[in-house]
Amino acid sequence: MDTQRLKDGSVLIIGAGLAGLFLALKLAPRPCVVVSPAPFGQAASSAWAQGGLAAALAPEDSAQSHAKDTITAGAGLVDPIVAMLIAKDGPARVRDLLDLGVAFDRHEDGSLALSLEAAHSHARVARVAGDLAGREIMANLIKAVRACDHITLVEGVAARALLQTETGRIGGVLAMNGKPIRLEAEETVLATGGSGGLFRVTTNPVEAAGQGLGMAARAGALVADAEFVQFHPTAMDFGRDPAPLATEALRGEGAQLVNLDGTPFMTGYHYLGDLAPRDSVARAVASEIAAGRGAYLDCRAAIGAGFPDHFPTVFAACAAAGVDPRTDLIPIAPAAHYHMGGIVTDVWGKTTLDGLSAIGECASTGVHGANRLASNSLLEAVVFAHRVAERLRDAPSGRQAGGDAASIAPLPADALQVLRTEMTAKAGVVRDAAGLTSLVGTIQDLKAQNGPTNELVTADLIAEGALARQESRGGHYRSDFPKELDPAKRSFVTLDVTS
């Protein structure tokens with residue numbers, strides 16, 4: 001097996017989305033190696049983000065207001081200290097992105113054009129060309145990292161397991177690039193994204209299937225709130241995999257959720273109507289579809305003729321499906337979108353395993369609670385990437401690297417499709433004990449056939465967590481336990497790595 005020990009105390013970053021690339025830039029001058037299983041810019045959920053980045057940038061807004069909205073949306077499980085931390089740091093990180101050349105939308109007077117999204121009390125979402133924020137931010141980051149001497153970019157290498165010494169310290173990863181390869185490092189950072197690819201209906205790249213969370217859990221890292229998956233209420237129902245997203249900003253501009261006959265329905269479910277929190281809207285959309293009335297997004301009056309210019313990504317997806325959103329309703333359905341749970345970290349991105357940090361969607365910092373506030377994901381990614389860089393940039397090198405790891409192959413494609421179908425059917429927007437128990441059984445059968453792959457470990461954490469949480473809260477809704485329990489409690493689990 002090929003073994004490569006990173007030189008000069010380089011930091012090993014697994015994942016090349018927003019969190020990983022922003023960290024690499026911020027680590028300068030400390031050398032780092034960024035590893036991606038796909039070409040940079042592909043298979044990263046960051047590039048698909050349409051809404052933008054939330055930050056209290058308007059004169060009438062404040063970090064206190066942003067933190068309050070974050071806490072409210074999180075349904076009792078948000079850490080208020082972390083909510084205030086990212087809200088206070090947000091404007092500075094937006095300025096960092098501006099310095100990198102990100103062309104956030106502006107008014108004629110040069111001020112940033114901020115959009116209103118669901119559950120925000122102020123317009124605070126910085127966008128690019130309407131719905132191109134993720135793509136444009138990633139394009140600028142990729143350009144910047146390619147120009148940096150301290151960053152080594154490695155494409156086509158997929159991490160499979162964490163190397164762990166006898167003392168439990170993480171010393172790199174066991175990966176594949178056509179053959180096994182050991183990448184040994186003194187500091188390893190997981191920035192591997194989320195788990196939407198575990199669901200049959202998702203807005204995420206199908207490659208985002210919980211690999212980082214699975215690797216960390218298998219090594220004994222503490223995991224929190226795995227049962228909390230956010231389902232975006234307005235994935236476009238065109239039969240594509242993954243499902244194209246109709247950004248929430250459309251509703252911020254006045255678009256309405258309606259039945260096939262054009263009747264608005266959200267006021268019957270929530271007092272905030274079309275701008276209710278995502279979990280409420282997702283359940284409402286699912287209910288209307290189940291009742292046979294259908295669910296659609298009506299953008300005809302609110303967006304109208306300006307659609308191609310203001311929301312080019314959504315317009316292109318509609319056009320490819322033969323739908324003209326200027327004159328037609330857009331069919332929608334809920335889809336797995338964001339994983340609130342993940343690898344537990346402290347406020348500096350450190351996990352419970354020495355030598356391992358986690359940032360972005362694979363991490364659980366305590367900021368998202370049971371229901372992520374719209375556009376807080378990109379914010380959390382850059383804020384915590386910056387904080388990890390602050391901690392590691394001048395940290396002494398010479399710590400132990402290397403260790404052992406059991407080789408784990410990816411879940412075969414046919415088994416993954418079985419898993420994805422079962423996850424959407426039984427751990428989707430509405431859950432119950434019977435479905436979740438059946439799902440856990442399916443996962444155990446798949447483990448017996450394929451071993452404890454990273455995908456199956458993560459799926460099991462989600463299913464077992466959902467079965468154990470006998471209440472409904474945020475993105476987790478149990479039809480057999482529809483009420484919230486008091487007091488609100490987070491869930492924590494560590495896998496037994498000795499068995």
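Each value in this text was obtained by applying a stated rule to the coordinates, not by laboratory testing. Since the structure is predicted, the reported quantities are computational estimates derived from the model, not experimental observations. Heads up, the Cβs are rebuilt from the backbone with ideal geometry, glycines too, and the neighbour counts pull from every protein chain shown.
Compared with the dominant principal axis of the Cα atoms in the chain, helix 133-146 is inclined by about 30°.
Divide, for the range 1-102, the radius of gyration over alpha carbons by 2.2 N^0.38 Å, where N is the residue count.
Normalised Rg, Cα atoms only: 1.35.
Summing charges over all other residues whose Cβ lies under 10 Å from the Cβ of Leu439, with Lys and Arg as +1 and Asp and Glu as -1, gives -1. Under 27 Å between alpha carbons, and skipping anything fewer than 8 positions from Lys26 in its own chain: which lysines qualify? Qualifying lysines at Cα under 27 Å: Lys7, Lys88, Lys143, Lys350.
Relative to the Cα centre, the charge distribution of the range 232-335, modelled as +1 at Lys and Arg Cβ and -1 at Asp and Glu Cβ, gives a dipole magnitude of about 100 debye.
Note: the range 378-451, Cα convex hull, 179 Å³ per residue. Summed over all non-identical Cα pairs, the Kirkwood treatment of the range 351-499 gives a radius of 18.0 Å. Across the range 35-153, counting alpha-carbon atoms alone, Rg and Dmax equal 15.6, 44 Å. Projecting label points 7 angstrom from Cα along Cα→Cβ for Thr327 and Asp496 puts them 6.5 nm apart.
Placing a label point 7 Å from the Cα of Leu260 along the Cα-to-Cβ direction, the residues of the range 224-252 with a backbone N closer than 17 Å are 237-239.
Helix 278-290 and the long axis of the chain differ in direction by around 60°, with both axes built from C-alpha atoms. Hull volume per residue, based on the alpha-carbon atoms of the range 196-274 and their convex hull, is 127 Å³. Projected onto its three principal axes, the C-alpha set of the range 446-499 covers 37, 22, 14 Å, listed from the longest axis down. Most tightly packed first, judged by the mean number of other beta-carbon atoms within 10 Å of their residues, the peptides 484-492, 250-258, 363-371 read 363-371, 250-258, 484-492. Out of every Cα-Cα pair that the chain contains, those further apart than 43 angstrom amount to 10 percent. Taking 7 Å steps out from each Cα toward its Cβ at Ser121 and Gln470 produces label points 3.7 nm apart. Based on the convex hull around the alpha carbon atoms, the range 400-441 presents an average projected area of 5.2 nm². Between rounded, prolate and oblate, where does the range 327-415 land on the alpha carbon gyration tensor, with a ≥ b ≥ c its root eigenvalues, rounded for a/c under 1.5, else prolate if a/b exceeds b/c? Oblate shape, in that a/c is at least 1.5 and b/c is the bigger or equal ratio. Over all distinct Cα-Cα pairs of the range 314-379, the Kirkwood formula returns a hydrodynamic radius of 14.7 Å.
Modelled spin-label separation between His270 and Thr167, with each label point placed 7 Å from Cα along the Cα-to-Cβ direction: 4.8 nm. Each distinct pair of alpha carbons in the range 109-214 adds a 1/r term; the inverse of their mean, the Kirkwood radius, is 17.5 Å.
So what's the range 218-313 giving for Rg/Rh, alpha carbon basis, Kirkwood Rh from the mean inverse pair distance? Please report the intermediate quantities before stating the final value.
Working: Rg = 15.7 Å, Rh = 14.8 Å.
Taking Rg over the Kirkwood Rh, I get 1.06.
Using only alpha-carbon positions in the range 261-342, the gyration tensor eigenvalues give semi-axes of 23, 17, 13 Å once each is multiplied by 5 and square-rooted (largest first).
The C-alpha atoms of the chain define a longest principal axis, and helix 63-73 lies at about 80 degrees to it.
At full extension, Cys148 and Ile81 could sit 20.7 nm farther apart than now, given 0.36 nm per residue minus the alpha carbon distance.
How charged is the neighbourhood of Leu485? Take every other residue with its Cβ under 14 Å from the Cβ of Leu485, and add Lys/Arg as +1 and Asp/Glu as -1. List each step's numbers first, then the result.
Values: positive: Arg469, Arg473, Arg478, Lys483, Lys489, Arg490; negative: Glu227, Glu471, Asp480, Glu484, Asp486.
So the environment of Leu485 carries a net charge of +1.
Building the convex hull from the alpha-carbon atoms of the range 412-481 and averaging its projection over directions returns 4.2 nm².
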